[in-house]
1. Looking only at the range 44-57, count every residue that is more than 19 Å from residue 74 (Cβ to Cβ) and without any contact (Cβ under 8 Å) to a residue 40 or more places away in the chain and tell me the total.
2. Look through the range 98-134, keep the residues that are in contact (Cβ under 8 Å) with a residue 60 or more places away in the chain and touching a strand residue (DSSP E or B) at 6+ places or on another chain (Cβ under 7 Å), and return whichever of them is surrounded by the fewest Cβ atoms within 10 Å (Cβ to Cβ).
3. Between residues in the range 1-18 that are farther than 12 Å from residue 30 by Cβ and residues that are part of a loop (DSSP other than H, G, I, E, B), which pairs lie under 6 Å by C-beta distance while being six or more apart or on different chains?
4. Tally time: how many residues in the range 1-17 are surrounded by 17 or more Cβ atoms within 10 Å (Cβ to Cβ) and over 15 Å from residue 79 (Cα atoms)?
5. Pull up the range 19-31, narrow it to residues that are over 19 Å from the mean Cα position of the chain (by Cα) and free of Cβ contacts under 8 Å to residues at least 24 places away in the same chain, then point me to the one that is surrounded by the fewest Cβ atoms within 10 Å (Cβ to Cβ).
6. Mind listing whichever residues of the range 63-74 are within 21 Å of residue 43 (Cα to Cα) and within 16 Å of the chain's Cα centre (by Cα)?
7. Does residue 151 count as touching a helix residue (DSSP H, G or I) at 6+ places or on another chain (Cβ under 7 Å), more than 14 Å from ligand 2 (Cβ to nearest atom) and at pLDDT 95 or above?
Ligand code: FES
Ligand code: FES
């Protein structure tokens, strides 16, 4: 029997300690041990991006990272985008631009886009395409997701302008 290991990590600002088998993936830790089921599991081999989370702001595929490798990490999952229950501007943009259909891929897209817009607040079309190319969506055809990223960039730069550009009024 392989010895378990004790790890500690911070997820969405909350410190967790766990004793895990060395083979446990980070996504299984998040979903099955911590109950953070917003992170989805698709291909399980690093291709589809459904399991994307941020570690120190950088997008990683949690299906090909072992939980023990995340020992000490500062992780953001999709739940961390809206801790107060109010949608993050990127989520608002996806909603307004119909950047999702079934929604299975959406958590991964949201976090990939969060990294993109943190690094490039006014991304070029090519930068957006390059980012979106790392996540697979079987439903939308990507055009609406592309529009959502543009909208999210406007919202983050100027929330009022973002709302005006999409014809959505902001209240409060
Ligand atoms: S489930 Fe991790 S990349 Fe597909
Ligand atoms: S919205 Fe269904 S897979 Fe992307």
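1. 3
2. Here the answer is 115.
3. So the pair list comes out as 2/22; 4/21; 7/71.
4. Going through the range 1-17 one residue at a time, the tally reaches 2.
5. 19
6. 63, 64, 65
7. yes
Here's the yes/no breakdown for (1) touching a helix residue (DSSP H, G or I) at 6+ places or on another chain (Cβ under 7 Å); (2) within 14 Å of ligand 2 (Cβ to nearest atom):
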{"residue": "80", "(1), (2)": "no, no"}
{"residue": "95", "(1), (2)": "no, yes"}
{"residue": "108", "(1), (2)": "no, yes"}
{"residue": "113", "(1), (2)": "yes, yes"}
{"residue": "134", "(1), (2)": "yes, yes"}
{"residue": "140", "(1), (2)": "no, yes"}
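The values are calculated or read from the model by the stated rules, or taken from the named source; none is laboratory data. Predicted, not measured: the structure shown is a model, and the values here were computed from it. With ideal geometry, Cβ positions are generated from the backbone for all residues, glycine too; neighbour counts draw on all protein chains shown.
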